[in-house]
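Report on the structure given below.
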Amino acid sequence: MSEQEAVEETRLPEVAAPEDLSAAEEIEPIPRFKEDKGPFGSIPREVTEEELDQPGVKRLVLHIMDQLRDQVKELTEFRERFHEERRKSAILE
């Protein structure tokens, strides 16, 4: 069995949409958890143009962007390793 065939076997089957829309309306939505914003959760998040012009705000935004970029890179590498291991295990089975 080739690697491509092994990967295709591990894919989830596609599920067709219900014919009767009333059946879809009966499904309850998944409850969302409240996001914990900590002790500063009640502070408004809106930023004015004047506030964005401040050098400190620009530095803070750039710092947060750098942190998020690092997180994305780390999670992307993790996802790639996960899928590689999943392919290996599918081939071994």
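Please treat every number below as a calculation from the coordinates, not as lab data. Please read all numbers here as calculations on a predicted model, not as lab measurements. Glycine gets a Cβ as well: all are built from the backbone with ideal geometry, and neighbour counts include every protein chain shown.
Karplus-derived 3J(HN,Hα) values for the range 41-53, using 6.51 cos²θ - 1.76 cosθ + 1.60 with θ = phi - 60°, are x, 8, 6, x, 9, 5, 10, 7, 4, 5, 5, 5, 6 Hz; glycine and proline are entered as x. Backbone phi angles across the range 59-67, fed through the Karplus curve with coefficients 6.51, -1.76 and 1.60 (θ = phi - 60°), yield HN-Hα couplings of 5, 5, 4, 5, 5, 5, 4, 4, 4 Hz in residue order; Gly and Pro are listed as x. Distance between the 7 Å Cα→Cβ label points at LEU62 and GLU49: 2.2 nm.
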